[in-house]
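To start, the structure itself, in structure tokens.
The values are calculated or read from the model by the stated rules, or taken from the named source; none is laboratory data. Because the structure is a prediction, the values reported are computed rather than measured. Neighbour counts are summed over all protein chains in view; Cβ atoms, including those assigned to glycine, are modelled from backbone coordinates with ideal geometry. SASA here: full protein model, heavy atoms, side chains in, ligands and nucleic acids out. Shrake-Rupley method; radii C 1.70, N 1.55, O 1.52, S 1.80 Å.
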Amino acid sequence: MRGRGAALDRFRLIAAVLVVAIHTSPLATWTQAGDFWLTRVLARVAVPFFLMVTGYFLGKKNWRGVGRTMVRTLALYAAAAALYLPLNLYSGGFSPAEWVRRVAVDGTFYHLWYFPAVILGAAVAWGLSRLGMGPALAVAGLLYLVGLGGDSYYGFAANVPVLGELYGHIFDVCSYTRNGLFFAPLFLLLGAAGAELSGGASAAGAAVSLGAMSLEALWLRSAGVQRHDSMYVLLPVLMVFLFSLLLAMDRGRDRRARDMSLLVYLLHPWCIVLVRGGAKAAGLQSLLIDNSGGHFLAVLAVSLCAAWCVCAVGERIRR
């Protein structure tokens, strides 16, 4: 059903475009600082939003569908891993131990970490939800704080001997703390909580928290302490206000937008490869590779076209 105000489904597509931006750096040709803000600050709302949508619908069903969600995510992950296996093999593949780590935690390709994160995160969030929403959010918040020390605040944490040793052990198991244990549970539970504030309060809160998170990110960047840049102190605050704003506008569903967002997310790394190969073959490297804006637009156009074609075929098969 296409709803006139299907805000959640349509923002999924915006979030998928932001993920493409993260992996193509649209403004890098002109301004590194601007590109950092776009891809490492603003675009960092994308994955937490996906997680909160999942948590929101699980929460509405009192987590009764968590097993089905995990199984469907696993099936999708398996299909995506198979889709990117040729690129894995082309790049030389991994050792058996590295394959295990990537399949279980890191993802078999750089964007596929999301799927094991959802599977583990849903299990952790479901278990915590048995405690009640308040205690569950408190524990998930503590896990998120641990994750912060291995992400944007790593430079500070690593200088504390005990913490440096702790994160050394963590990184023996996973490449990042942006995963299903430290990152996903909090956003799944925040989505399940489904806080709905007034539209004005949500918009003002989102604007203020985005501005504050931008200052936080720029400070951390200037301090040179970030090991990665997926987790900020103010990111959960921003997401509460943003999600509340979208809930207030959400009326109906838009299946095409929902399906397109998933397909853009899944297919865009392959589209990056195709654009780069096509640009080299056509002698258009200066426009479609060296120019970051042109590269982003080309990858986005190919990704949207591929997603639309898959959706059209799927709808024809369903009919």
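Give Val118, Val103 a once-over and let me know the one that is farther than 23 Å from Val237 by Cα and either modelled with pLDDT of 95 or more or touching a strand residue (DSSP E or B) at 6+ places or on another chain (Cβ under 7 Å) (or both).
Only one candidate passes the filter, namely Val103.
Residue by residue through segment 230-241, note down the ones that are in a helix (DSSP H, G or I) and open to solvent by less than 30 Å² (accessible area, probe 1.4 Å).
Hits for segment 230-241 are Leu235, Pro236, Leu238, Met239.
Only one of (1) among the polar types (S, T, N, Q); (2) within 23 Å of the chain's Cα centre (by Cα); (3) open to solvent by 50 Å² or more (accessible area, probe 1.4 Å) fails for Ser286. Which number is that?
The number of the failed condition is (2).
Kindly establish whether Leu83 is over 21 Å from the mean Cα position of the chain (by Cα), open to solvent by 20 Å² or more (accessible area, probe 1.4 Å) and not aromatic (Phe, Trp, Tyr).
no
Only one of these is in contact with a Pro (Cβ under 9 Å, 6 or more places away or on another chain) and either open to solvent by 10 Å² or more (accessible area, probe 1.4 Å) or not in a helix (DSSP H, G or I) (or both): Leu304, Leu266, Leu297. Name it.
Leu297
For segment 23-46, state whether one or more residues are touching a Gly at 6+ places or on another chain (Cβ under 9 Å), touching a residue at least 40 places away in the same chain (Cβ under 8 Å), under 30 Å from Ala217 (Cα atoms) and of a type in the set (Phe, Trp, Tyr).
Yes.
(1) open to solvent by 40 Å² or more (accessible area, probe 1.4 Å); (2) part of a helix (DSSP H, G or I); (3) of a type outside the set (Val, Ile, Thr): which one isn't true of Leu197, the others all being true?
Every condition holds for Leu197 apart from (2).
Please determine, by comparing only the residues of segment 217-229 that are part of a helix (DSSP H, G or I) and touching a residue at least 60 places away in the same chain (Cβ under 8 Å), which one is most open to solvent (accessible area, probe 1.4 Å).
Arg221
Does Leu89 satisfy the condition of being of a type in the set (A, V, I, L, M, F, W, C) and more than 15 Å from the chain's Cα centre (by Cα)?
Criteria met by Leu89.
Restricting to segment 242-261, and then to whatever is closer than 21 Å to Gly191 by Cβ and of a type in the set (D, E, K, R), can you tell me which residue is surrounded by the fewest Cβ atoms within 10 Å (Cβ to Cβ)?
Among those residues, the one meeting the criterion is Arg251.
Would you please list the contacts, defined by Cβ atoms under 8 Å and residues six or more apart or on different chains, that run from a residue in segment 298-314 that is farther than 20 Å from Val19 by Cα to a residue that is assigned to a helix (DSSP H, G or I)?
Gly314/Asp259
Could you tell me which of the residues Tyr110, Tyr176 is more than 23 Å from Met213 (Cβ to Cβ), touching a residue at least 24 places away in the same chain (Cβ under 8 Å), open to solvent by 70 Å² or more (accessible area, probe 1.4 Å) and in a loop (DSSP other than H, G, I, E, B)?
Sole residue among the options that is more than 23 Å from Met213 (Cβ to Cβ), touching a residue at least 24 places away in the same chain (Cβ under 8 Å), open to solvent by 70 Å² or more (accessible area, probe 1.4 Å) and in a loop (DSSP other than H, G, I, E, B): Tyr110.
Just to verify a result, which residue in segment 256-280, among those that are touching a helix residue (DSSP H, G or I) at 6+ places or on another chain (Cβ under 8 Å) and of a type in the set (Gly, Ala, Ser), is modelled with the lowest pLDDT?
Per the stated criteria, the residue is Ala257.
Consider segment 9-26. How many of its residues are under 13 Å from Leu266 (Cβ atoms) and either hydrophobic (A, V, I, L, M, F, W, C) or not in a helix (DSSP H, G or I) (or both)?
Within segment 9-26, residues that are under 13 Å from Leu266 (Cβ atoms) and either hydrophobic (A, V, I, L, M, F, W, C) or not in a helix (DSSP H, G or I) (or both) number 3.
Find all pairs meeting these conditions: Cβ atoms under 7 angstrom apart; at least six residues apart or on different chains; first residue within segment 263-288 and closer than 17 Å to Ala21 by Cα; second residue charged (D, E, K, R) and surrounded by fewer than 20 Cβ atoms within 10 Å (Cβ to Cβ).
As it stands, the answer is none, since no pair meets every condition given.
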